[in-house]
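The values are calculated or read from the model by the stated rules, or taken from the named source; none is laboratory data. From a predicted model like this one, the values you see are computed outputs, not experimental measurements. Cβ placement follows ideal geometry from the backbone for every residue including glycine, while neighbour counts extend to all protein chains displayed.
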Amino acid sequence: MSGRRTVYEIYWEVLVYCKTPRSFTAIINRCDLNSKLGQEYLEFLVAREYLAIMRDKERTSYESTPKAAEYVALFSSLYQNLFDSAPGFRL
Amino acid sequence: MKPALSQFKKEIRHFSLVASMNLIIGVIAIAAGLLYIIAALLGLTSSLVTPDLRVIAGAIALVCFGLGVSVLHVTLTISRGVRTIRNKLDAEGPAVTDDRITCLIVQMIAYYRDIRQMLGTIILIGPLCGLCVFALGIVTGFEAMSLTSTGFSLTLNNRVTILAQVLTLAIVVSSLLSSHYFTKFAMAWNHRIAEIEASECALKKTLGMDDQ
């Protein structure tokens, strides 16, 4: 996903993508982030316990925690509510 | 189908329709401008009564061509991203998940932030382009023009020309309508972006960013 996104939109995207364990490279590729920014976002989400780090031998992956569900649900409802009513014009 | 998805699909579909209409207007403007320029180069515009009128028509044809190219270019740029989102929407089955709907909405909002300025441009140049096609049609359709101390009179040459004027009038109306729709679309999306900004506090609170 590209275009101008807010930090909250990027957090949401990372959390939804990480519902199944994902590697750092997969996350930054999917969410269209550079590695520096990707690292910052992941560190923030890990620090807030929205993402859990899973280490399997030499492979590190990230997975959303149950705590992330609250944010994902709130975000989805806010964005979908934007389309609950028509904008007041017809074609 | 969920109301949000249904509304989102409808808006994207309507936007694509209006963008297609704008593309047609752009192509017609390019063709009209180019045809007049070629005709002038071949000396086929001598039927125009005064040289002044030929100069005016030439200038309008150039503007028409330029605006047509701009309308075509900007509309193509705008509609490319919307078409991608529309294709993704169409590819979704009836059992589309909440996350997928939100994902497409986020994509459209992010894309709208990118095209906001271009949309402003097309709202402005679209009707100008239509008006130029109309003006070119009027000027090239003059058979006689007389300016006296008591008044100003114009005569159109034949019925075919009058039919052509009606067509150019339809182009003006179409360009005004498309501009009107784009304005409404921009207003709706600006409102949504303002709503998103207002709701960021709740997201910030949930993420525990209040202390930062």
Applying the selection to segment A:10-48, what residues are among the hydroxyl-bearing types (Ser, Thr, Tyr) and touching a residue at least 60 places away in the same chain (Cβ under 8 Å)? A:Tyr11
Criterion: away from every other protein chain (no Cβ under 13 Å) and touching a helix residue (DSSP H, G or I) at 6+ places or on another chain (Cβ under 9 Å) - qualifying residue of A:Leu37, A:Leu74: A:Leu37
Looking at segment A:46-59, is at least one residue facing chain B (nearest Cβ under 7 Å) and either of a type in the set (Val, Ile, Thr) or at positive phi (or both)? no
Unmet requirement for A:Leu15, which otherwise passes all of (1) more than 23 Å from B:Thr84 (Cα to Cα); (2) in contact with a Gly (Cβ under 7 Å, 6 or more places away or on another chain): (2)
In segment A:1-18, what residues are under 22 Å from B:Met209 (Cβ atoms) and surrounded by fewer than 16 Cβ atoms within 10 Å (Cβ to Cβ)? A:Arg4
For segment B:55-102, how many residues meet the condition of being under 27 Å from the mean Cα position of the chain (by Cα), over 15 Å from B:Lys10 (Cα atoms) and of a type in the set (Lys, Arg)? 1
Selection count where residues are farther than 15 Å from B:His180 by Cα and more than 14 Å from every other protein chain (Cβ to nearest Cβ), scope segment B:13-30: 7
Just give me the residues in segment B:128-164 being assigned to a loop (DSSP other than H, G, I, E, B), modelled with pLDDT under 65 and surrounded by 11 or more Cβ atoms within 10 Å (Cβ to Cβ), in sequence order. B:Asn157
Checking the structure you have, find out if any residue of segment B:67-75 is more than 14 Å from chain A (Cβ to nearest Cβ), surrounded by fewer than 18 Cβ atoms within 10 Å (Cβ to Cβ), within 30 Å of A:Thr6 (Cα to Cα) and touching a residue at least 60 places away in the same chain (Cβ under 8 Å). no
Identify the residue in segment B:87-105 that is polar (S, T, N, Q) and either within 13 Å of A:Val72 (Cβ to Cβ) or part of a loop (DSSP other than H, G, I, E, B) (or both) and, among all such residues, is modelled with the lowest pLDDT. B:Thr97
Within segment B:91-107, residues at the interface with another protein chain (Cβ under 9 Å from one of its Cβ atoms) and either surrounded by fewer than 20 Cβ atoms within 10 Å (Cβ to Cβ) or not polar (S, T, N, Q) (or both) come out as B:Asp98, B:Asp99, B:Ile101, B:Cys103, B:Ile105, B:Val106
Under 17 Å from the mean Cα position of the chain (by Cα), more than 14 Å from chain A (Cβ to nearest Cβ) and modelled with pLDDT under 90: is that true of B:Thr168 in this structure? yes
With the condition being farther than 20 Å from B:Cys103 by Cβ, I'd like the helices (runs of 4 or more DSSP H) fully within chain A carrying at least 1 qualifying residues. A:24-30, A:35-47
